[in-house]
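**Q** I am attaching a structure below and will ask some questions about it afterwards.
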Amino acid sequence: MHRYAKLAIAPAALALLLSACGGEDPASQPSGNTDVKADVKIVSCDANAWTQDAVIEVTNSDSGPWKYVVGLTIKDSSGTKSEARFVKNRVEPGQVIKESIPGDTPLRGEVTCAVSEAKRMPPQ
């Protein structure tokens, strides 16, 4: 009789474990990284004698505070690249941050900027 009891317990335990795999309802979780690039606007992108100056606006469109990490790729007409990085630890809901961020590699002539990375992370 004990052998049958053990066989009955194993499937019940397995069913319980599998039922927990579904996780939480996605609607109850914060939106986190859903289309974060839409929160980033490039205001200007210019080359100067030493580097590039990219001005961006980051708007927290979510309902909670987030840390924002934004990367820009800056290219000149020959395709040479420079990178620029923005990090703000805490951006409140609806808050707009306008910031000038420099590129890391000298480029000459006309330049273009594009958002290469945009992430929301829990604020610290």
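The values are calculated or read from the model by the stated rules, or taken from the named source; none is laboratory data. The structure displayed is predicted, hence computed values, not measured ones. In this analysis, Cβ positions are derived from the backbone assuming ideal geometry, glycine residues included, and neighbour counts consider all displayed protein chains.
**Q** Is there any pair with a first residue in region 75-98 that is in a strand (DSSP E or B) and a second that is among the polar types (S, T, N, Q) and exposed (fewer than 11 other Cβ atoms within 10 Å of the Cβ) whose Cβ atoms are under 6 Å apart and which are 6 or more apart or on different chains, and what are they?
**A** Pairs that qualify, where the first residue is in a strand (DSSP E or B) and the partner is among the polar types (S, T, N, Q) and exposed (fewer than 11 other Cβ atoms within 10 Å of the Cβ), are Asn89/Gln124.
**Q** Give the residue, chosen from Ser116, Ser44, Ser61, that is modelled with pLDDT of 95 or more and part of a loop (DSSP other than H, G, I, E, B).
**A** Ser61
**Q** Can you work out which of the residues in region 62-98 that are surrounded by 15 or more Cβ atoms within 10 Å (Cβ to Cβ) and of a type in the set (S, T, N, Q) is nearest to Trp50 (Cα to Cα)?
**A** Here the answer is Ser82.
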